[in-house]
Amino acid sequence: MVLVAAVRDYINRILQDISGMKVLILDSSTVSSVSVVYSQSELLKKEVFLVELVDSIAMSKESMSHLKAVYFLRPTSENIQHMRRQLAKPRFGEYHLFFSNILKDTQLHMLADSDEHEVVQQLQEFYADFVALDPYHFTLNMAANHMYMLPAVVDPSGLQQFCDRIVDGMSAVFLALKRRPIIRYSRTSDIAKRIAHEASKLMYQQESGLFDFRRTEVSPLLLIIDRRDDPVTALLNQWTYQAMVHELIGIQDNKVNLKNVGKLPKDQQEVVLSSEQDAFFKANMYENFGDIGMNIKKMVDDFQQVAKSNQNIQTIEDMAKFVDNYPEYRKMQGNVSKHVTLVTEMSKIVEERKLMLVSQTEQELACNGGQGAAFEAVTNLLNNDNISDVDRLRLVMLYALRYEKESPVQLMQLFNKLASRSPKYKPGLVQFLLKQAGVDKRTGDLYGNRDLLNIARNMARGLKGVENVYTQHQPLLFQTMENITRGRLRDVDYPYVGNHFQQARPQEVVIFVVGGTTYEESRSVALQNSTNSGIRFILGGSSLLNSKRFLKDLEEAQRIARISTNML
(Lines give C-alpha, C1' and ligand atoms only; values in the text may rest on other atoms or scores of the structure.)
Protein backbone atom coordinates (compact mmCIF):
# COMPACT_ATOMS: atom_id res chain seq x y z
CA MET A 1 0.00 0.00 0.00
CA VAL A 2 3.02 2.21 0.52
CA LEU A 3 3.00 4.75 -2.38
CA VAL A 4 -0.73 4.73 -3.07
CA ALA A 5 -1.42 5.13 0.67
CA ALA A 6 1.05 8.05 0.95
CA VAL A 7 -0.62 10.02 -1.87
CA ARG A 8 -4.15 9.17 -0.64
CA ASP A 9 -3.17 10.42 2.79
CA TYR A 10 -2.01 13.74 1.30
CA ILE A 11 -5.27 14.19 -0.67
CA ASN A 12 -7.32 13.32 2.44
CA ARG A 13 -5.44 15.91 4.46
CA ILE A 14 -5.91 18.53 1.74
CA LEU A 15 -9.68 18.02 1.53
CA GLN A 16 -10.92 16.99 4.95
CA ASP A 17 -10.11 20.17 6.93
CA ILE A 18 -11.82 22.51 4.45
CA SER A 19 -15.56 22.32 5.06
CA GLY A 20 -18.25 23.27 2.55
CA MET A 21 -18.49 23.24 -1.24
CA LYS A 22 -15.14 23.14 -2.99
CA VAL A 23 -13.60 23.34 -6.43
CA LEU A 24 -10.36 21.33 -6.85
CA ILE A 25 -7.92 22.95 -9.28
CA LEU A 26 -5.08 20.80 -10.65
CA ASP A 27 -2.45 20.96 -13.39
CA SER A 28 -1.63 18.37 -16.07
CA SER A 29 0.75 16.53 -13.67
CA THR A 30 -1.23 16.60 -10.42
CA VAL A 31 -4.41 15.50 -12.23
CA SER A 32 -2.62 12.20 -12.92
CA SER A 33 -1.28 11.93 -9.34
CA VAL A 34 -4.79 12.41 -7.91
CA SER A 35 -6.77 10.35 -10.45
CA VAL A 36 -4.82 7.10 -9.89
CA VAL A 37 -5.51 7.07 -6.13
CA TYR A 38 -8.85 8.88 -5.76
CA SER A 39 -12.07 8.20 -7.67
CA GLN A 40 -14.63 10.78 -8.78
CA SER A 41 -17.21 9.47 -6.31
CA GLU A 42 -14.72 9.73 -3.43
CA LEU A 43 -14.08 13.38 -4.34
CA LEU A 44 -17.83 14.04 -4.28
CA LYS A 45 -18.03 12.64 -0.75
CA LYS A 46 -15.48 15.29 0.24
CA GLU A 47 -17.80 17.98 -1.20
CA VAL A 48 -15.68 18.59 -4.28
CA PHE A 49 -18.29 19.64 -6.86
CA LEU A 50 -15.95 20.72 -9.63
CA VAL A 51 -12.50 19.63 -10.80
CA GLU A 52 -10.75 22.03 -13.16
CA LEU A 53 -7.33 22.48 -14.75
CA VAL A 54 -5.46 25.61 -13.69
CA ASP A 55 -4.97 26.91 -17.24
CA SER A 56 -8.62 26.40 -18.27
CA ILE A 57 -9.99 28.04 -15.09
CA ALA A 58 -7.98 31.11 -16.04
CA MET A 59 -10.19 31.50 -19.14
CA SER A 60 -13.40 31.86 -17.12
CA LYS A 61 -14.44 35.20 -15.62
CA GLU A 62 -17.62 34.40 -13.66
CA SER A 63 -17.57 34.90 -9.90
CA MET A 64 -17.99 31.82 -7.70
CA SER A 65 -17.59 33.39 -4.28
CA HIS A 66 -19.78 30.65 -2.72
CA LEU A 67 -17.07 28.07 -3.52
CA LYS A 68 -13.73 27.50 -1.79
CA ALA A 69 -10.88 26.99 -4.22
CA VAL A 70 -8.41 24.21 -3.38
CA TYR A 71 -5.34 24.33 -5.61
CA PHE A 72 -2.95 21.38 -5.84
CA LEU A 73 -0.14 22.20 -8.28
CA ARG A 74 3.49 21.50 -9.11
CA PRO A 75 5.62 24.50 -8.04
CA THR A 76 6.61 25.45 -11.61
CA SER A 77 7.18 29.06 -12.66
CA GLU A 78 4.25 28.72 -15.09
CA ASN A 79 1.88 27.66 -12.27
CA ILE A 80 3.12 30.49 -10.03
CA GLN A 81 2.28 32.97 -12.83
CA HIS A 82 -1.21 31.43 -13.15
CA MET A 83 -1.68 31.86 -9.38
CA ARG A 84 -0.51 35.48 -9.40
CA ARG A 85 -2.99 36.38 -12.13
CA GLN A 86 -5.85 34.51 -10.43
CA LEU A 87 -5.15 36.05 -7.00
CA ALA A 88 -5.07 39.56 -8.53
CA LYS A 89 -8.75 39.11 -9.52
CA PRO A 90 -10.15 36.55 -7.10
CA ARG A 91 -13.26 34.65 -8.24
CA PHE A 92 -13.64 32.34 -5.24
CA GLY A 93 -14.49 33.04 -1.61
CA GLU A 94 -11.33 31.37 -0.23
CA TYR A 95 -8.07 30.11 -1.67
CA HIS A 96 -6.26 27.11 -0.18
CA LEU A 97 -2.92 26.53 -1.91
CA PHE A 98 -1.08 23.21 -1.86
CA PHE A 99 2.05 22.43 -3.85
CA SER A 100 3.32 18.94 -4.69
CA ASN A 101 6.99 19.73 -4.08
CA ILE A 102 9.43 22.18 -2.49
CA LEU A 103 8.66 25.88 -3.14
CA LYS A 104 11.53 28.33 -3.60
CA ASP A 105 11.65 31.36 -1.28
CA THR A 106 11.26 33.67 -4.28
CA GLN A 107 8.04 31.86 -5.28
CA LEU A 108 6.67 32.26 -1.75
CA HIS A 109 7.36 36.01 -1.81
CA MET A 110 5.70 36.34 -5.24
CA LEU A 111 2.54 34.60 -4.00
CA ALA A 112 2.45 36.68 -0.80
CA ASP A 113 2.81 39.90 -2.80
CA SER A 114 -0.01 38.84 -5.14
CA ASP A 115 -2.50 38.21 -2.32
CA GLU A 116 -3.58 41.85 -2.00
CA HIS A 117 -7.21 40.86 -1.35
CA GLU A 118 -6.10 38.53 1.47
CA VAL A 119 -8.10 35.57 0.16
CA VAL A 120 -5.37 32.93 0.70
CA GLN A 121 -6.24 30.93 3.83
CA GLN A 122 -3.24 28.58 3.81
CA LEU A 123 -0.26 27.46 1.78
CA GLN A 124 1.40 24.07 2.26
CA GLU A 125 3.74 21.59 0.59
CA PHE A 126 2.41 18.02 0.21
CA TYR A 127 4.98 15.83 -1.55
CA ALA A 128 2.99 13.88 -4.14
CA ASP A 129 5.01 14.88 -7.20
CA PHE A 130 4.76 11.41 -8.80
CA VAL A 131 2.08 9.05 -10.11
CA ALA A 132 1.57 6.04 -7.80
CA LEU A 133 0.38 3.43 -10.32
CA ASP A 134 0.55 0.56 -7.85
CA PRO A 135 1.66 0.25 -4.21
CA TYR A 136 5.31 -0.34 -5.25
CA HIS A 137 5.46 1.30 -8.68
CA PHE A 138 5.51 4.99 -9.63
CA THR A 139 6.12 6.97 -12.80
CA LEU A 140 6.80 10.63 -13.65
CA ASN A 141 4.90 10.56 -17.00
CA MET A 142 7.63 12.58 -18.71
CA ALA A 143 6.74 13.61 -22.25
CA ALA A 144 10.33 14.24 -23.44
CA ASN A 145 11.45 10.80 -22.33
CA HIS A 146 13.85 10.41 -25.30
CA MET A 147 16.22 13.00 -23.74
CA TYR A 148 18.18 10.34 -21.83
CA MET A 149 19.55 8.96 -25.12
CA LEU A 150 21.03 12.27 -26.29
CA PRO A 151 24.56 13.53 -25.57
CA ALA A 152 24.59 16.59 -23.27
CA VAL A 153 25.89 18.90 -26.04
CA VAL A 154 22.80 18.41 -28.25
CA ASP A 155 20.31 20.24 -26.00
CA PRO A 156 21.90 21.32 -22.70
CA SER A 157 18.86 23.22 -21.36
CA GLY A 158 16.44 20.44 -22.38
CA LEU A 159 18.63 17.87 -20.64
CA GLN A 160 18.84 20.04 -17.52
CA GLN A 161 15.03 20.26 -17.37
CA PHE A 162 14.83 16.46 -17.82
CA CYS A 163 17.28 15.88 -14.93
CA ASP A 164 15.56 18.49 -12.71
CA ARG A 165 12.18 16.81 -13.15
CA ILE A 166 13.60 13.41 -12.18
CA VAL A 167 15.38 14.83 -9.11
CA ASP A 168 12.12 16.58 -8.10
CA GLY A 169 10.12 13.37 -8.48
CA MET A 170 12.59 11.20 -6.57
CA SER A 171 12.94 13.73 -3.75
CA ALA A 172 9.13 13.86 -3.41
CA VAL A 173 9.03 10.06 -3.08
CA PHE A 174 11.59 10.14 -0.26
CA LEU A 175 9.88 13.08 1.47
CA ALA A 176 6.58 11.15 1.27
CA LEU A 177 8.33 8.08 2.75
CA LYS A 178 10.14 10.34 5.30
CA ARG A 179 13.57 8.91 4.47
CA ARG A 180 16.93 10.14 3.19
CA PRO A 181 18.70 7.52 1.06
CA ILE A 182 22.24 6.47 0.30
CA ILE A 183 22.58 6.89 -3.50
CA ARG A 184 24.22 4.60 -6.06
CA TYR A 185 24.11 4.66 -9.86
CA SER A 186 24.91 2.65 -12.97
CA ARG A 187 28.61 3.23 -13.79
CA THR A 188 28.31 3.27 -17.60
CA SER A 189 25.50 5.85 -17.70
CA ASP A 190 26.46 9.53 -17.77
CA ILE A 191 22.88 10.63 -17.17
CA ALA A 192 22.36 8.26 -14.20
CA LYS A 193 25.59 9.64 -12.68
CA ARG A 194 24.51 13.25 -13.23
CA ILE A 195 21.04 12.68 -11.70
CA ALA A 196 22.56 10.79 -8.75
CA HIS A 197 24.93 13.66 -7.95
CA GLU A 198 22.21 16.32 -8.33
CA ALA A 199 19.83 14.32 -6.08
CA SER A 200 22.58 13.93 -3.47
CA LYS A 201 23.30 17.67 -3.56
CA LEU A 202 19.60 18.46 -2.98
CA MET A 203 19.11 15.92 -0.17
CA TYR A 204 22.42 16.41 1.69
CA GLN A 205 23.19 20.10 1.07
CA GLN A 206 20.51 22.42 -0.36
CA GLU A 207 17.56 20.93 1.58
CA SER A 208 19.40 18.89 4.20
CA GLY A 209 17.12 20.22 6.99
CA LEU A 210 14.00 18.99 5.19
CA PHE A 211 15.47 15.51 4.72
CA ASP A 212 16.78 15.25 8.28
CA PHE A 213 14.35 12.58 9.49
CA ARG A 214 14.78 10.41 12.53
CA ARG A 215 17.58 8.08 11.49
CA THR A 216 16.65 4.47 10.84
CA GLU A 217 19.31 1.89 11.72
CA VAL A 218 20.20 1.45 8.05
CA SER A 219 19.56 4.16 5.46
CA PRO A 220 17.41 3.16 2.50
CA LEU A 221 19.12 2.76 -0.88
CA LEU A 222 18.28 4.77 -3.99
CA LEU A 223 19.72 2.99 -7.03
CA ILE A 224 19.58 4.97 -10.29
CA ILE A 225 19.90 2.83 -13.40
CA ASP A 226 19.59 3.40 -17.15
CA ARG A 227 16.98 1.84 -19.43
CA ARG A 228 19.78 1.10 -21.90
CA ASP A 229 21.25 -1.49 -19.51
CA ASP A 230 18.22 -3.64 -20.40
CA PRO A 231 16.57 -2.66 -23.70
CA VAL A 232 15.35 -6.25 -24.15
CA THR A 233 12.54 -6.06 -21.56
CA ALA A 234 11.15 -2.93 -23.26
CA LEU A 235 11.05 -4.68 -26.66
CA LEU A 236 9.35 -7.97 -25.75
CA ASN A 237 5.73 -8.97 -26.17
CA GLN A 238 4.05 -9.60 -22.84
CA TRP A 239 1.89 -12.52 -21.68
CA THR A 240 0.78 -11.57 -18.16
CA TYR A 241 -2.44 -9.61 -17.75
CA GLN A 242 -1.46 -6.04 -16.77
CA ALA A 243 1.67 -6.00 -18.95
CA MET A 244 -0.22 -7.49 -21.90
CA VAL A 245 -3.03 -4.92 -21.75
CA HIS A 246 -0.42 -2.13 -21.82
CA GLU A 247 1.55 -3.76 -24.65
CA LEU A 248 -1.42 -4.46 -26.94
CA ILE A 249 -3.98 -1.74 -26.07
CA GLY A 250 -2.26 0.78 -23.77
CA ILE A 251 -2.77 1.94 -20.18
CA GLN A 252 -2.51 5.61 -19.20
CA ASP A 253 -2.75 6.49 -15.49
CA ASN A 254 -4.48 3.13 -14.80
CA LYS A 255 -7.12 3.82 -17.48
CA VAL A 256 -7.61 1.93 -20.75
CA ASN A 257 -9.10 3.74 -23.75
CA LEU A 258 -11.40 1.35 -25.67
CA LYS A 259 -12.98 3.90 -28.03
CA ASN A 260 -11.52 2.13 -31.05
CA VAL A 261 -12.74 -1.30 -29.97
CA GLY A 262 -16.02 -2.26 -31.68
CA LYS A 263 -19.31 -0.65 -30.67
CA LEU A 264 -19.15 -0.30 -26.91
CA PRO A 265 -21.65 1.64 -24.78
CA LYS A 266 -20.34 5.08 -23.79
CA ASP A 267 -19.70 4.14 -20.15
CA GLN A 268 -17.36 1.31 -21.25
CA GLN A 269 -15.22 3.27 -23.71
CA GLU A 270 -12.74 4.13 -20.98
CA VAL A 271 -12.24 1.63 -18.16
CA VAL A 272 -10.19 1.74 -14.97
CA LEU A 273 -7.63 -1.00 -14.32
CA SER A 274 -6.50 -0.48 -10.75
CA SER A 275 -5.44 -3.06 -8.19
CA GLU A 276 -6.89 -0.74 -5.53
CA GLN A 277 -10.39 -0.59 -7.04
CA ASP A 278 -10.87 -3.96 -8.77
CA ALA A 279 -10.56 -7.18 -6.76
CA PHE A 280 -10.52 -9.45 -9.85
CA PHE A 281 -7.72 -7.40 -11.43
CA LYS A 282 -5.75 -7.37 -8.17
CA ALA A 283 -5.92 -11.17 -8.00
CA ASN A 284 -5.04 -11.68 -11.69
CA MET A 285 -2.82 -8.79 -12.81
CA TYR A 286 0.34 -10.95 -12.77
CA GLU A 287 -1.25 -14.17 -14.08
CA ASN A 288 -0.44 -15.43 -17.57
CA PHE A 289 -2.86 -15.13 -20.48
CA GLY A 290 -3.98 -18.78 -20.49
CA ASP A 291 -5.00 -18.67 -16.82
CA ILE A 292 -6.78 -15.33 -17.24
CA GLY A 293 -9.19 -16.89 -19.74
CA MET A 294 -10.11 -19.63 -17.23
CA ASN A 295 -10.51 -17.14 -14.37
CA ILE A 296 -12.73 -14.85 -16.42
CA LYS A 297 -14.93 -17.80 -17.36
CA LYS A 298 -15.36 -18.54 -13.64
CA MET A 299 -16.22 -14.86 -12.99
CA VAL A 300 -18.84 -14.94 -15.79
CA ASP A 301 -20.34 -18.15 -14.31
CA ASP A 302 -20.54 -16.54 -10.84
CA PHE A 303 -22.23 -13.49 -12.32
CA GLN A 304 -24.77 -15.62 -14.16
CA GLN A 305 -25.68 -17.29 -10.85
CA VAL A 306 -26.28 -13.87 -9.25
CA ALA A 307 -28.28 -12.70 -12.29
CA LYS A 308 -30.40 -15.87 -12.15
CA SER A 309 -31.23 -15.37 -8.46
CA ASN A 310 -32.20 -11.75 -9.23
CA GLN A 311 -34.75 -12.94 -11.78
CA ASN A 312 -36.51 -14.95 -9.11
CA ILE A 313 -38.27 -12.03 -7.39
CA GLN A 314 -41.60 -13.14 -5.89
CA THR A 315 -42.19 -11.23 -2.66
CA ILE A 316 -41.89 -7.64 -1.43
CA GLU A 317 -38.88 -8.78 0.67
CA ASP A 318 -37.18 -10.16 -2.48
CA MET A 319 -37.76 -6.84 -4.23
CA ALA A 320 -36.37 -4.84 -1.30
CA LYS A 321 -33.33 -7.13 -1.17
CA PHE A 322 -32.74 -6.71 -4.92
CA VAL A 323 -32.92 -2.88 -4.64
CA ASP A 324 -30.42 -2.95 -1.72
CA ASN A 325 -28.01 -5.12 -3.68
CA TYR A 326 -28.50 -3.37 -7.03
CA PRO A 327 -25.42 -1.07 -6.88
CA GLU A 328 -23.21 -4.09 -6.12
CA TYR A 329 -24.91 -6.02 -8.95
CA ARG A 330 -24.30 -3.16 -11.42
CA LYS A 331 -20.67 -2.95 -10.35
CA MET A 332 -20.24 -6.70 -10.83
CA GLN A 333 -21.89 -6.50 -14.26
CA GLY A 334 -19.56 -3.64 -15.31
CA ASN A 335 -16.51 -5.52 -14.09
CA VAL A 336 -17.43 -8.71 -15.95
CA SER A 337 -18.01 -6.89 -19.24
CA LYS A 338 -14.77 -4.87 -18.80
CA HIS A 339 -12.54 -7.95 -18.43
CA VAL A 340 -14.37 -9.93 -21.12
CA THR A 341 -13.94 -6.99 -23.55
CA LEU A 342 -10.20 -6.67 -22.76
CA VAL A 343 -9.43 -10.37 -23.15
CA THR A 344 -11.54 -10.67 -26.33
CA GLU A 345 -9.75 -7.70 -27.89
CA MET A 346 -6.31 -9.01 -26.93
CA SER A 347 -7.09 -12.48 -28.32
CA LYS A 348 -8.04 -10.81 -31.61
CA ILE A 349 -4.75 -8.87 -31.75
CA VAL A 350 -2.70 -11.98 -30.87
CA GLU A 351 -4.35 -13.85 -33.75
CA GLU A 352 -4.08 -10.98 -36.27
CA ARG A 353 -0.39 -10.34 -35.60
CA LYS A 354 0.49 -14.05 -35.11
CA LEU A 355 2.05 -13.06 -31.79
CA MET A 356 2.38 -16.59 -30.43
CA LEU A 357 4.68 -17.43 -33.31
CA VAL A 358 6.61 -14.15 -32.99
CA SER A 359 6.86 -14.34 -29.20
CA GLN A 360 8.34 -17.82 -29.18
CA THR A 361 11.31 -16.57 -31.20
CA GLU A 362 11.53 -13.38 -29.10
CA GLN A 363 11.80 -15.43 -25.90
CA GLU A 364 14.46 -17.67 -27.48
CA LEU A 365 16.46 -14.58 -28.45
CA ALA A 366 16.14 -13.11 -24.96
CA CYS A 367 16.81 -16.26 -22.93
CA ASN A 368 18.72 -18.93 -24.84
CA GLY A 369 21.91 -19.12 -26.87
CA GLY A 370 22.13 -20.73 -30.32
CA GLN A 371 22.97 -18.12 -32.92
CA GLY A 372 22.42 -20.32 -36.02
CA ALA A 373 18.91 -21.39 -35.06
CA ALA A 374 18.06 -17.81 -34.03
CA PHE A 375 19.19 -16.43 -37.41
CA GLU A 376 17.07 -18.99 -39.25
CA ALA A 377 13.99 -18.31 -37.07
CA VAL A 378 14.24 -14.51 -37.52
CA THR A 379 14.81 -14.86 -41.29
CA ASN A 380 11.71 -17.06 -41.62
CA LEU A 381 9.58 -14.54 -39.72
CA LEU A 382 10.90 -11.64 -41.81
CA ASN A 383 9.79 -13.57 -44.92
CA ASN A 384 6.36 -14.33 -43.45
CA ASP A 385 3.74 -11.97 -44.96
CA ASN A 386 1.48 -12.31 -41.89
CA ILE A 387 4.05 -10.67 -39.59
CA SER A 388 3.60 -6.92 -39.06
CA ASP A 389 6.33 -4.36 -39.73
CA VAL A 390 6.78 -3.45 -36.07
CA ASP A 391 7.18 -7.12 -35.08
CA ARG A 392 9.85 -7.59 -37.78
CA LEU A 393 11.71 -4.56 -36.47
CA ARG A 394 11.61 -5.81 -32.87
CA LEU A 395 12.86 -9.27 -33.89
CA VAL A 396 15.85 -7.80 -35.72
CA MET A 397 16.59 -5.54 -32.73
CA LEU A 398 16.47 -8.45 -30.29
CA TYR A 399 18.77 -10.50 -32.57
CA ALA A 400 21.18 -7.55 -32.95
CA LEU A 401 21.39 -6.94 -29.18
CA ARG A 402 22.17 -10.61 -28.61
CA TYR A 403 24.57 -11.37 -31.45
CA GLU A 404 26.12 -8.00 -32.45
CA LYS A 405 29.67 -9.28 -31.87
CA GLU A 406 29.18 -12.90 -32.94
CA SER A 407 27.78 -12.63 -36.45
CA PRO A 408 28.24 -9.22 -38.09
CA VAL A 409 27.79 -10.67 -41.60
CA GLN A 410 24.44 -12.31 -40.81
CA LEU A 411 23.38 -9.20 -38.94
CA MET A 412 23.94 -7.15 -42.12
CA GLN A 413 21.80 -9.68 -44.04
CA LEU A 414 18.98 -9.14 -41.53
CA PHE A 415 19.35 -5.33 -41.78
CA ASN A 416 19.02 -5.55 -45.58
CA LYS A 417 16.05 -7.92 -45.39
CA LEU A 418 14.30 -5.64 -42.88
CA ALA A 419 14.91 -2.63 -45.16
CA SER A 420 13.35 -4.42 -48.16
CA ARG A 421 10.43 -6.01 -46.26
CA SER A 422 9.54 -3.06 -44.00
CA PRO A 423 10.77 0.10 -45.77
CA LYS A 424 8.70 2.37 -43.49
CA TYR A 425 11.46 2.27 -40.86
CA LYS A 426 14.26 4.75 -41.15
CA PRO A 427 17.49 3.00 -42.04
CA GLY A 428 19.88 2.84 -39.17
CA LEU A 429 17.34 2.58 -36.34
CA VAL A 430 18.69 -0.83 -35.26
CA GLN A 431 22.27 0.47 -35.54
CA PHE A 432 21.25 3.51 -33.45
CA LEU A 433 19.91 1.13 -30.77
CA LEU A 434 23.25 -0.73 -30.71
CA LYS A 435 25.11 2.56 -30.41
CA GLN A 436 22.85 3.43 -27.44
CA ALA A 437 22.55 0.07 -25.71
CA GLY A 438 25.06 -2.30 -27.26
CA VAL A 439 27.21 -4.65 -25.20
CA ASP A 440 29.97 -2.05 -24.66
CA LYS A 441 27.52 0.46 -23.22
CA ARG A 442 25.71 -1.73 -20.66
CA THR A 443 26.23 -2.23 -16.94
CA GLY A 444 25.17 -5.61 -15.58
CA ASP A 445 25.01 -9.06 -17.12
CA LEU A 446 21.99 -8.78 -19.43
CA TYR A 447 22.15 -12.28 -20.92
CA GLY A 448 23.64 -14.00 -17.88
CA ASN A 449 26.75 -15.05 -19.82
CA ARG A 450 29.51 -12.93 -18.27
CA ASP A 451 29.32 -14.04 -14.68
CA LEU A 452 30.04 -17.67 -13.71
CA LEU A 453 27.23 -17.64 -11.18
CA ASN A 454 24.74 -16.50 -13.80
CA ILE A 455 25.95 -19.06 -16.33
CA ALA A 456 25.41 -21.81 -13.75
CA ARG A 457 21.96 -20.45 -12.87
CA ASN A 458 20.93 -20.37 -16.54
CA MET A 459 22.12 -23.94 -17.04
CA ALA A 460 20.11 -25.08 -14.01
CA ARG A 461 17.05 -23.31 -15.38
CA GLY A 462 17.55 -25.01 -18.74
CA LEU A 463 17.75 -28.43 -17.13
CA LYS A 464 14.66 -27.89 -14.97
CA GLY A 465 12.68 -26.79 -18.00
CA VAL A 466 10.40 -23.79 -18.20
CA GLU A 467 6.76 -23.97 -17.20
CA ASN A 468 5.70 -21.48 -19.89
CA VAL A 469 7.76 -20.76 -22.99
CA TYR A 470 6.12 -17.31 -23.36
CA THR A 471 7.00 -16.03 -19.88
CA GLN A 472 10.48 -17.52 -19.38
CA HIS A 473 12.24 -14.14 -19.72
CA GLN A 474 13.22 -12.34 -16.53
CA PRO A 475 14.21 -8.66 -16.64
CA LEU A 476 17.74 -7.64 -15.64
CA LEU A 477 16.07 -5.90 -12.69
CA PHE A 478 15.29 -9.33 -11.19
CA GLN A 479 19.00 -10.13 -11.06
CA THR A 480 19.78 -6.66 -9.65
CA MET A 481 17.28 -7.17 -6.80
CA GLU A 482 18.74 -10.61 -6.10
CA ASN A 483 22.25 -9.10 -5.92
CA ILE A 484 21.05 -6.41 -3.48
CA THR A 485 19.28 -9.01 -1.32
CA ARG A 486 22.49 -11.09 -1.12
CA GLY A 487 24.77 -8.10 -0.64
CA ARG A 488 26.44 -8.76 -4.01
CA LEU A 489 25.81 -5.51 -5.90
CA ARG A 490 29.35 -4.60 -6.98
CA ASP A 491 30.67 -1.15 -6.04
CA VAL A 492 32.68 -1.07 -9.26
CA ASP A 493 29.48 -1.40 -11.36
CA TYR A 494 27.23 0.70 -9.11
CA PRO A 495 29.38 3.35 -7.35
CA TYR A 496 28.19 5.34 -4.30
CA VAL A 497 27.74 9.12 -4.43
CA GLY A 498 29.89 11.11 -1.99
CA ASN A 499 31.17 9.56 1.21
CA HIS A 500 27.84 7.98 2.19
CA PHE A 501 28.34 4.22 2.18
CA GLN A 502 26.15 1.33 3.24
CA GLN A 503 27.62 -1.02 5.83
CA ALA A 504 24.62 -3.28 6.34
CA ARG A 505 21.95 -4.60 3.99
CA PRO A 506 19.24 -1.95 3.37
CA GLN A 507 15.62 -2.68 4.34
CA GLU A 508 14.13 -0.31 1.77
CA VAL A 509 15.33 0.09 -1.81
CA VAL A 510 14.00 2.46 -4.47
CA ILE A 511 15.21 1.56 -7.97
CA PHE A 512 14.73 4.40 -10.45
CA VAL A 513 15.04 3.67 -14.18
CA VAL A 514 16.02 6.70 -16.27
CA GLY A 515 14.20 6.10 -19.55
CA GLY A 516 11.20 4.37 -18.06
CA THR A 517 9.90 1.17 -16.47
CA THR A 518 7.77 -1.70 -17.79
CA TYR A 519 4.93 -3.64 -16.20
CA GLU A 520 7.05 -6.80 -16.50
CA GLU A 521 9.53 -5.16 -14.13
CA SER A 522 6.84 -3.99 -11.71
CA ARG A 523 5.58 -7.60 -11.62
CA SER A 524 9.13 -8.72 -10.71
CA VAL A 525 9.18 -6.19 -7.87
CA ALA A 526 5.76 -7.28 -6.54
CA LEU A 527 6.81 -10.97 -6.64
CA GLN A 528 10.13 -10.16 -4.96
CA ASN A 529 8.32 -8.22 -2.20
CA SER A 530 6.00 -11.17 -1.61
CA THR A 531 8.97 -13.44 -0.75
CA ASN A 532 9.52 -11.57 2.56
CA SER A 533 13.27 -11.30 2.07
CA GLY A 534 13.39 -8.49 4.65
CA ILE A 535 13.84 -5.84 1.94
CA ARG A 536 11.01 -3.76 0.47
CA PHE A 537 11.61 -2.74 -3.14
CA ILE A 538 9.94 0.20 -4.90
CA LEU A 539 10.27 0.77 -8.65
CA GLY A 540 10.07 4.14 -10.37
CA GLY A 541 10.84 5.57 -13.79
CA SER A 542 10.70 8.66 -15.97
CA SER A 543 7.80 7.14 -17.93
CA LEU A 544 5.86 3.91 -18.37
CA LEU A 545 6.98 1.94 -21.41
CA ASN A 546 5.60 -0.59 -23.80
CA SER A 547 7.51 -1.52 -26.96
CA LYS A 548 5.63 1.14 -28.97
CA ARG A 549 6.70 3.93 -26.59
CA PHE A 550 10.29 2.64 -26.38
CA LEU A 551 10.57 2.64 -30.20
CA LYS A 552 8.96 6.11 -30.41
CA ASP A 553 11.58 7.48 -27.96
CA LEU A 554 14.34 5.75 -29.95
CA GLU A 555 13.12 7.24 -33.25
CA GLU A 556 12.82 10.73 -31.74
CA ALA A 557 16.35 10.54 -30.28
CA GLN A 558 17.70 9.32 -33.63
CA ARG A 559 15.95 12.18 -35.48
CA ILE A 560 17.39 14.85 -33.13
CA ALA A 561 20.87 13.26 -33.13
CA ARG A 562 20.89 13.35 -36.96
CA ILE A 563 19.87 17.02 -37.11
CA SER A 564 22.51 18.02 -34.55
CA THR A 565 25.22 16.00 -36.38
CA ASN A 566 24.35 17.82 -39.63
CA MET A 567 24.54 21.17 -37.84
CA LEU A 568 27.95 20.56 -36.24
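The values are calculated or read from the model by the stated rules, or taken from the named source; none is laboratory data. Fair warning: this is a prediction, and the values are worked out from it, not measured in the lab. All Cβ positions, even for glycine, are placed from backbone atoms using ideal geometry, and neighbour counts span all protein chains on display. Note: areas computed on protein heavy atoms with side chains; ligands, DNA, RNA excluded. Shrake-Rupley method; radii C 1.70, N 1.55, O 1.52, S 1.80 Å.
General observations
- Accessible surface of the chain, 1.4 Å probe, proportion on carbon and sulfur as whole %: 52
- 17 Å tail of the calculated P(r), region 336-409, as % of Cα pairs: 48
- Sequence of Asp291, Asp385, Asp134 from largest to smallest accessible area, 1.4 Å probe: Asp385, Asp291, Asp134
- Calculated FRET value between Gln431 and Asn295, using beta carbons and R₀ = 51 Å, to 0.05: 0.75
- FRET efficiency, Arg486 to Arg84 (Cβ-Cβ, R0 56 Å, nearest 0.05): 0.55
- Net charge of Cβ neighbours under 13 Å - reference Gly428; Lys, Arg +1; Asp, Glu -1: +3
- Under 10 Å, Cβ to Cβ, from Asp491 - net charge with Lys/Arg +1 and Asp/Glu -1: +2
- Shape class for region 64-141: prolate, because the ratio a/c of the largest to smallest gyration tensor axis (alpha-carbon atoms, square roots of eigenvalues) is 1.5 or more and a/b beats b/c.
- From its DSSP helices (H runs of at least four residues, each -39,500 (n - 2.57)), the chain gives a residue-normalised ellipticity at 222 nm of -16000 deg cm²/dmol.
- Region 1-49 - accessible surface per residue (Å², probe 1.4 Å): 42
- Partner lysines whose Cα lies under 22 Å from the Cα of Lys282, excluding those fewer than 8 positions away in the same chain, are identified as Lys255, Lys297, Lys298, Lys331, Lys338.
- Packing-based order for 19-26, 260-267, 87-94, using average beta carbon neighbours within 10 Å, highest first: 19-26, 87-94, 260-267
- Per residue accessible area in Å² of region 189-267, where ligands, DNA and RNA are left out and the probe is 1.4 Å: 44
- The residues packed around Gln122, meaning those with a beta-carbon under 15 Å from its beta-carbon, carry a net charge of -2 if Lys and Arg are +1 and Asp and Glu are -1.
- Kirkwood Rh and Cα Rg combined as Rg/Rh, region 10-97: 0.93
- The packing ranking of peptides 529-536, 547-554, highest mean first, is 547-554, 529-536, where packing means the average number of other beta carbon atoms within 10 angstrom of each residue.
- Each part gets one Cα centre, and for region 506-541 versus region 171-218 those centres are 17 Å apart.
- Three-way shape call for region 1-56 based on the alpha-carbon gyration tensor, with the a/c threshold at 1.5: oblate
- For a modelled paramagnetic label at Val439, 7 Å from Cα along Cα-to-Cβ, the residues of region 176-214 in reach, with backbone nitrogen under 20 Å, are 187-189.
- The Cα atoms of the chain cover 74, 73, 50 Å along the three principal axes, with the biggest extent listed first.
- Debye-formula intensities of region 480-562, expressed as log10 I(q)/I(0) at q = 0.11, 0.23, 0.24 Å⁻¹, are -0.41, -1.13, -1.18 (one equal scatterer per alpha-carbon, no solvent).
- Rough spin-label spacing in nm, given labels placed 7 Å along Cα→Cβ, for Arg214 and Asp267: 4.7
- Listed by chain and number, the aspartates and glutamates whose alpha-carbon sits under 16 Å from that of Lys441, ignoring those within fewer than 8 places in the same chain, are Asp190, Asp226, Asp229, Asp230, Glu404, Asp493.
- Between Lys178 and Ser41, the FRET efficiency estimated from the beta carbon spacing at R0 = 25 angstrom works out to 0.25.
- Rounded accessible area per residue of region 97-137, 1.4 Å, Å²: 45
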